[in-house]
Amino acid sequence: AKILAELLLSDTDPCLRAAVMSSLNSTNINNTIDRFVAVVKSDASANEPGVSKIPGFTAADRDELTSILFEQAASIASDDDLERILRLTVDDLRGGLRAWQMLSLAKMLDRLKGRDSKALEQFAGTNQQIGMIRAFETARKTAADATEAEILRIAAIPLLLRTSDQSSDEGLLDDILTPQTPVAVQEAAIRHLGRQENMSSADILLAGWSSHSPAIRSQILTVLSSRPQWVANLLSQLESGTIVAGEIDASVRQRLGTTRDAGLRKRIETVFSSGTSDDRKAVMENYRPALQLTGDAARGAVAFGKKCANCHKQGGIGHEVGPNLASLTTRTPESLYTAILDPSAAVETKYLNFVVATTSGRSVIGLLSTETGSSITVLGAEGKSESILRTDIEELRSTGKSLMPDGVEKDFTHQD
């Protein structure tokens, strides 16, 4: 046990870690955890959240490895050892649970669901006053507290939705999925909701759609596409127009189309085949003769400089806000024709237009080019960017359209 614990703490090499984990059994898991946790307790208690003094480890590495070790214990430890190991995850250290404790408890509870064991029942009964109930309460407070360290909030989220009354936890997760919350915390909430099986989780994931950034939307769509009943929920939103079909990129459309439900596949085909609005259809029909005309690069450069250079760059001219046109050499005239006249019919999520309303009363419009835990950066026409602190965001919402506007054809002839 001593050797196994020291090996785990000496190197982050995944092969060595796998070798140690495969060497654990019911006779050595208890002592291995004791020796391992003695070091982790000292390390976590002596440092600020997010810092580790174990060579080669970040605090996140340390906490994740600890939780994996406890998860292994939930599979192989005896009932007597399990009760003692569980207690390690809920014992307060200097007045509050550490990230490794909350992560470890969550993984143990998940693993114990599939094990015929009386340890959890015994533990809950004999240690109720200092045990899991208080751990769940601590997790709620930690996850909800915007002043807490990210590493603690992320660790607390997997302990939500563990009691019979889930409405308050669902409300908390809904509040977390807002642009004021750091991305990593939002991602933890999405992962946890994705592990649930009820429809209310899908409702929470979709509730704030217009305010979610492209990165968050992508993760939500990945989660929703994992369950047929959640795909149906998403389709209902698309069919009602609450979510615009053009906001769903090609990779997600393809993933949704892999469902085995023939009825859902039919609805998916219908939703995504009607992305072009009636007014855009009329415009495209009116400009169709342009496809029969011969292009001229010199004249095209003049038209580009007048209308397109604010957001596109070509031949050293313009601003690289939208796609780099030099990379579009394989596009057909028909595809470019559609992209110019109906830019929002199918737009990559990274080119969606967002409006940011700040607490000072200003509005900033553009693409979300960069996100950090504390701020977002909005990129507008002519390549002008502005960073906004998350605490200064009053509202973030997508227009559901591309940054490239409809109506550029109004200043163009067929030949242009």
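The values are calculated or read from the model by the stated rules, or taken from the named source; none is laboratory data. Since we're looking at a predicted model, the values are computed, not measured. With ideal geometry, Cβ positions are generated from the backbone for all residues, glycine too; neighbour counts draw on all protein chains shown. Accessible surface is based on the protein model in full, side chains and every heavy atom, while ligands, DNA and RNA are left aside. Shrake-Rupley method; radii C 1.70, N 1.55, O 1.52, S 1.80 Å.
Is it true that G305 is closer than 23 Å to D406 by Cα and modelled with pLDDT under 85? Don't jump to the end; show me each part of the working.
On the way: closer than 23 Å to D406 by Cα: yes; modelled with pLDDT under 85: no.
The answer is no for G305.
If I filter segment 87-101 down to residues being farther than 13 Å from T138 by Cα and part of a helix (DSSP H, G or I), which single residue comes out as least open to solvent (accessible area, probe 1.4 Å)?
Going residue by residue through segment 87-101, those that are farther than 13 Å from T138 by Cα are 87-88, 94, 100.
Those still in the list that are part of a helix (DSSP H, G or I) too: 87-88, 100.
Numbers: R87: 68, L88: 23, W100: 1 Å².
By that ranking, first place goes to W100.
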Assess whether A38 counts as being under 22 Å from R98 (Cβ atoms) and free of Cβ contacts under 8 Å to residues at least 24 places away in the same chain. yes
Name, by its number, the condition in (1) open to solvent by 60 Å² or more (accessible area, probe 1.4 Å); (2) farther than 25 Å from I157 by Cα; (3) not in a loop (DSSP other than H, G, I, E, B) that does not hold for R84. (2)
When the residues of segment 128-159 are narrowed to those that are open to solvent by less than 20 Å² (accessible area, probe 1.4 Å) and β-branched (V, I, T), which ends up nearest to I85 (Cα to Cα)? I157
Does at least one position in segment 209-221 carry a residue that is in contact with a Gly (Cβ under 7 Å, 6 or more places away or on another chain) and free of Cβ contacts under 8 Å to residues at least 60 places away in the same chain? no
Taking segment 393-406 and keeping residues open to solvent by less than 60 Å² (accessible area, probe 1.4 Å) and either more than 23 Å from D279 (Cβ to Cβ) or without any contact (Cβ under 8 Å) to a residue 40 or more places away in the chain (or both) leaves I393, L396
Scanning segment 308-339 for residues that are in a loop (DSSP other than H, G, I, E, B) and open to solvent by less than 50 Å² (accessible area, probe 1.4 Å), the one farthest from D406 (Cα to Cα) turns out to be L328
What's the total number of residues in segment 124-138 that are at pLDDT 75 or above and among the aliphatic types (A, V, I, L, M)? 3
Just to be sure I understand, how many residues within segment 289-317 are closer than 19 Å to R331 by Cα, charged (D, E, K, R) and in contact (Cβ under 8 Å) with a residue 12 or more places away in the chain? 1
Looking only at residues in segment 79-116 that are of a type outside the set (D, E) and out of contact with any helix residue (DSSP H, G or I) (no Cβ under 8 Å at 6 or more places or on another chain), which one is modelled with the lowest pLDDT? G95
Selection over segment 179-194 where residues are touching a residue at least 60 places away in the same chain (Cβ under 8 Å) and over 17 Å from A139 (Cα atoms) yields a count of 4
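Tell me, yes or no, whether segment 160-171 has at least one residue that is assigned to a helix (DSSP H, G or I), open to solvent by 50 Å² or more (accessible area, probe 1.4 Å) and modelled with pLDDT under 95.
Step one: list which residues in segment 160-171 are assigned to a helix (DSSP H, G or I), which gives 167-171.
After this cut, where a residue has to be open to solvent by 50 Å² or more (accessible area, probe 1.4 Å) as well, the list is 167-168.
Next cut, modelled with pLDDT under 95 only: 167-168.
The answer is yes; a qualifying residue exists.
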Test for S75: is it among the polar types (S, T, N, Q) and either surrounded by fewer than 17 Cβ atoms within 10 Å (Cβ to Cβ) or in contact (Cβ under 8 Å) with a residue 24 or more places away in the chain (or both): yes
Any idea which residue in segment 211-235 is nearest to T178 (Cα to Cα), counting only those that are of a type in the set (G, A, S) and surrounded by 14 or more Cβ atoms within 10 Å (Cβ to Cβ)? S211
Checking the structure you have, find out if any residue of segment 197-208 is out of contact with any strand residue (DSSP E or B) (no Cβ under 9 Å at 6 or more places or on another chain) and charged (D, E, K, R). yes
Taking segment 242-252 as the search range and keeping residues that are at pLDDT 75 or above and open to solvent by 50 Å² or more (accessible area, probe 1.4 Å), which one is nearest to E269 (Cα to Cα)? V244
Could you run through segment 343-390 and say how many residues are modelled with pLDDT of 85 or more and on the phi > 0 side of the Ramachandran plot? 1
Out of S104, S45, S67, report the one residue that is part of a helix (DSSP H, G or I), open to solvent by less than 40 Å² (accessible area, probe 1.4 Å) and touching a strand residue (DSSP E or B) at 6+ places or on another chain (Cβ under 6 Å). S45
